[in-house]
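Read through the structure below, which is laid out as structure tokens, and then see the notes.
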Amino acid sequence: MSKKKVIIIGASHGGHESAIRILDKYENVDVAIYEAGDFVSFMSCGMELFLEGKTLGQDTVRNFSPEELEARGGRVVNNHQVTAIHPESKAITVKNLVAGVEESVSYDKLILSVGVESIELNIPGRDLSNIYLMHGYDWASKINAAQKDDSIKNVVVIGSGYIGVEATQVFTQAGKSVTLIDMLERPLGNYLNAESTEILERAFVDAGVNLHMGATVEAFIGDEAVRAVKTDKGEVPADLVIVAIGVYPNTAWLKGTLDLDERGYIKTDAYLRTNVEDVYAVGDATLQPSIPASQSLPIALATTTRRSAFYLANTLFDQKPARAYKGVVGSSALGIFGYKFATSGLNQYTAGRIGVEFETSFYTDRVRPAYIPESDNPEVFVSLTFHPQTHQILGGSVLSRQDVTAQGNVLSLAIAQKMTLEDLAEADFFFQPGFDRQWSLLNLAAQDALGYKRF
Ligand SMILES: Cc1cc2nc3c(=O)[nH]c(=O)nc-3n(C[C@H](O)[C@H](O)[C@H](O)COP(=O)(O)OP(=O)(O)OC[C@H]3O[C@@H](n4cnc5c(N)ncnc54)[C@H](O)[C@@H]3O)c2cc1C
């Protein structure tokens, strides 16, 4: 029997997960990943740790090496960009970016995990030097050089989402004067409810970060290199700017071939099939079914990408898979200036934006019983987002100076299982005063949201 030819586009989380699962599960397959970049599978999730000198080196911060994939029976072809899909002949056009030549490659199954690109600011001064993005291997090299460059004293980070906040932390620790600018009034306002961002806001200020919130960036000022950033609230000096204002899908080349939404995200059905037969899509470039939102949304996370690729690999050759893809919750965690938080599902910002009815609660406590000294018993903050009538838990976050981020995964399970506040208030969790209180943190937060008197 001739081998089924599986072509994957993009050698990052989605491409890696698809390739290894397919190679493990099926015998008669020929799996090749085409990747436009040179360095294979740099893991941007590890970029902050690399910049902080906490890894084994830049080239180790990756999902996989070409040799590792070859050892499992697959191959990756780097410096090759796929420029077109031809559904009628089941072939793709691939451009060798080094030699400049094109070839046609056939497929039986085609999987796209083409990801997203960082949005650049299209404003006056955009061509000045020292305006950086924070995504992928090459930008990691440049940012690493910049943080060690003594001539760079003032850094402006535009965008206070995860990536901007990671950049803020890196440059603050490197001894630079950092200003964080956002149109939103609250840093991390897309990710956390207001009470949590208020706590983190103080941590930013205490660490010496200049917060420039609720400001619109209008221009970059300078001659050759950027010298300042002009906002509607004034000018901020800048020897270097990091732009981290969001992403757009890498799909312009697919317009007219695949069904895309108005922003360019790839639409799939419940089995992750695109509108073209034998062409599938996973990861950041797709709309992902969000369980708490009950609709498909862009969710740019390695976790959700891997889960969609895992499902797809397991069902790839089924005529009609026995079950649809369950969807995701969307969970993430971050350490920021001494605090650690994890957040899962929807928050007041995301729920509000997509028109989901919600209420929120905010619970403050100590991790362990009151007889433990405060020095060994830090404060912990839990925010819940839930439906006002059904009490279904739609989202939540935990925040503390202690690492309580694993509770974010408990919240994720509760959200995925569509549990209510009443379910969480009574859920059976362990108690041991070395770790927690007689009721566990999430029990207490749900009881509080339901109006029970403080335990
Ligand atoms: C700084 C940073 C930190 C992050 N931290 C985390 C984290 O801690 N946790 C988390 O869950 N997520 C994190 N993420 C998000 C995570 O990196 C992404 O969700 C994940 O990489 C998405 O994987 P993907 O396979 O969909 O796409 P991508 O990682 O974007 O990869 C797509 C690949 O496809 C290639 N490609 C695109 N078009 C073509 C084409 N036409 N032909 C050939 N190749 C092509 C690209 O070169 C790229 O290598 C972070 C992202 C960044 C930037």
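The values are calculated or read from the model by the stated rules, or taken from the named source; none is laboratory data. Model, not experiment: these values are computed from the prediction. For neighbour counting, all protein chains shown are included, and Cβ atoms are generated from backbone atoms with ideal geometry for every residue, glycine included. Calculation scope for accessible area: heavy atoms of the full protein, side chains included, ligands and nucleic acids excluded. Shrake-Rupley method; radii C 1.70, N 1.55, O 1.52, S 1.80 Å.
A few remarks follow.
- When the criteria are applied in full, Glu185 fails the requirement of being within 16 Å of the ligand (Cβ to nearest atom), in contact with a strand residue (DSSP E or B) (Cβ under 9 Å, 6 or more places away or on another chain) and open to solvent by 60 Å² or more (accessible area, probe 1.4 Å).
- Residue list for segment 193-209, filter: within 17 Å of Gly338 (Cα to Cα) and not in a helix (DSSP H, G or I): Ala207, Gly208, Val209
- Taken together, the residues in segment 189-198 that are in contact (Cβ under 8 Å) with a residue 40 or more places away in the chain and open to solvent by less than 10 Å² (accessible area, probe 1.4 Å) amount to 4.
- Filter result (part of a loop (DSSP other than H, G, I, E, B) and surrounded by fewer than 19 Cβ atoms within 10 Å (Cβ to Cβ)) within segment 338-357: Gly338, Ile354, Gly355, Val356, Glu357
- Residue check for Thr385: of a type outside the set (Asp, Glu), touching a strand residue (DSSP E or B) at 6+ places or on another chain (Cβ under 7 Å), without any contact (Cβ under 8 Å) to a residue 24 or more places away in the chain and in a strand (DSSP E or B): no
- Within segment 301-313, considering residues that are of a type outside the set (Val, Ile, Thr) and open to solvent by less than 60 Å² (accessible area, probe 1.4 Å), the one farthest from Ile33 (Cα to Cα): Leu301
- Of everything in segment 257-287 that is surrounded by 18 or more Cβ atoms within 10 Å (Cβ to Cβ) and at positive phi, the residue that is nearest to the ligand (Cβ to nearest atom) is Gly283.
- Residues being open to solvent by 80 Å² or more (accessible area, probe 1.4 Å), closer than 21 Å to Ser331 by Cβ and not in a helix (DSSP H, G or I) - total across segment 405-455: 2
- Some residue of segment 166-174 being within 20 Å of Ser331 (Cα to Cα) and either crowded, with 20+ Cβ neighbours inside 10 Å or free of Cβ contacts under 8 Å to residues at least 40 places away in the same chain (or both): yes
- Test: Leu254 is open to solvent by less than 20 Å² (accessible area, probe 1.4 Å) and either in contact with a strand residue (DSSP E or B) (Cβ under 9 Å, 6 or more places away or on another chain) or within 13 Å of the ligand (Cβ to nearest atom) (or both): yes
So that you can scan it fast, the table gives a plain yes or no per residue for (1) touching a Pro at 6+ places or on another chain (Cβ under 7 Å); (2) surrounded by 20 or more Cβ atoms within 10 Å (Cβ to Cβ); (3) not in a strand (DSSP E or B):
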position: Lys5; (1), (2), (3): no, no, no
position: His16; (1), (2), (3): no, yes, yes
position: Arg21; (1), (2), (3): no, no, yes
position: Asp24; (1), (2), (3): no, no, yes
position: Glu27; (1), (2), (3): no, no, yes
position: Asp30; (1), (2), (3): no, no, no
position: Ile33; (1), (2), (3): no, yes, no
position: Met47; (1), (2), (3): no, yes, yes
position: Phe50; (1), (2), (3): no, yes, yes
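- Whichever residue in segment 52-71 is of a type in the set (S, T, N, Q) and over 19 Å from the mean Cα position of the chain (by Cα) and, among such residues, is least open to solvent (accessible area, probe 1.4 Å): Ser65
- Only one entry in Ser290, Ser296 is under 15 Å from Val329 (Cα atoms), more than 9 Å from the ligand (Cβ to nearest atom) and open to solvent by 50 Å² or more (accessible area, probe 1.4 Å), namely Ser296.
- Residues in segment 35-45 that are out of contact with any strand residue (DSSP E or B) (no Cβ under 7 Å at 6 or more places or on another chain), assigned to a loop (DSSP other than H, G, I, E, B) and within 6 Å of the ligand (Cβ to nearest atom): Gly37 only.
- Residue ID - farthest from the chain's Cα centre (by Cα), chosen from residues in segment 158-211 that are more than 20 Å from Arg227 (Cα to Cα) and small (Gly, Ala, Ser): Gly208
- Residue check, Glu218 out of contact with any Gly (no Cβ under 7 Å at 6 or more places or on another chain) and either outside any helix (DSSP H, G or I) or closer than 25 Å to Ser361 by Cβ (or both): yes
- Some residue of segment 172-180 being closer than 29 Å to Ile336 by Cα and out of contact with any strand residue (DSSP E or B) (no Cβ under 9 Å at 6 or more places or on another chain): yes
- Residue match in segment 362-376 (condition: in contact with a Ser or Thr (Cβ under 6 Å, 6 or more places away or on another chain) and buried (at least 19 other Cβ atoms within 10 Å of the Cβ)): no
- Meets criteria (within 24 Å of the chain's Cα centre (by Cα) and either surrounded by 19 or more Cβ atoms within 10 Å (Cβ to Cβ) or modelled with pLDDT under 95 (or both)) for Gly74: no
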